[in-house]
Amino acid sequence: MGDSILFRPDAMGPGGLTPLHVAASLDSRENVLDALTEDPRSVGIKAWKSKRDSSGLTAHDHACMRGNYLYVRLVEKKLNKKSGNGHVVVDIPGRVIDSSKLGRTSKFGGLESEKREESAGSASRNWVMEEGGDHQ
């Protein structure tokens, strides 16, 4: 059998949807997405950000719209592993904050991080990291 693919993850169906689009849109389907992106020729990984449905959206877009960021990380890790480019995927959940309201600043190995505490009763914190420069 060799490198043949029995079930193509990039096969287009109604509305231009591929199995990747469908899996990316559903909750708790990490195992399905993992299988669809684990083929020897990387067909699934290549299609993740390139195959578009009739709305112009990729499987990656569908995962993001549904908040399935675990799927995005799963595929990004595979992409980085296959390409050997040494990139690291870091997920820092949070929201955009106004940098003019940031307080304390500290540096960590070439990255500058700034921390701002929320209102007095809140325990949550936001971290903003930038490369280079001294912005104290």
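The values are calculated or read from the model by the stated rules, or taken from the named source; none is laboratory data. Since we're looking at a predicted model, the values are computed, not measured. So basically every Cβ, Gly included, is an ideal-geometry build from the backbone, and we count neighbours across all protein chains shown.
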Would you check if LYS78 is modelled with pLDDT under 95 and touching a Ser or Thr at 6+ places or on another chain (Cβ under 6 Å)? yes
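May I ask you to verify whether VAL32 is out of contact with any helix residue (DSSP H, G or I) (no Cβ under 8 Å at 6 or more places or on another chain) and among the β-branched types (Val, Ile, Thr)? Before the answer, list the steps.
Values: out of contact with any helix residue (DSSP H, G or I) (no Cβ under 8 Å at 6 or more places or on another chain): no; among the β-branched types (Val, Ile, Thr): yes.
No; evaluated as a whole, the condition is false for this residue.
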Within the stretch 65-74, the count of residues that are surrounded by 15 or more Cβ atoms within 10 Å (Cβ to Cβ) and closer than 13 Å to HIS21 by Cβ comes to 2
Answer residue from the stretch 1-49, given it is exposed (fewer than 12 other Cβ atoms within 10 Å of the Cβ) and among the aliphatic types (A, V, I, L, M) and is modelled with the highest pLDDT among those: LEU6
Can you find even one residue in the stretch 98-110 that is in contact with a helix residue (DSSP H, G or I) (Cβ under 6 Å, 6 or more places away or on another chain) and either modelled with pLDDT under 60 or of a type in the set (Phe, Trp, Tyr) (or both)? no
Starting from the stretch 26-49, take each residue that is more than 14 Å from CYS64 (Cα to Cα) and list its partners that are among the charged types (D, E, K, R) and part of a helix (DSSP H, G or I), counting only C-beta distances under 8 angstrom and pairs at least six apart or across chains. THR37/LYS78; GLU38/LYS78; SER42/LYS82; ILE45/LYS78; ILE45/LYS82
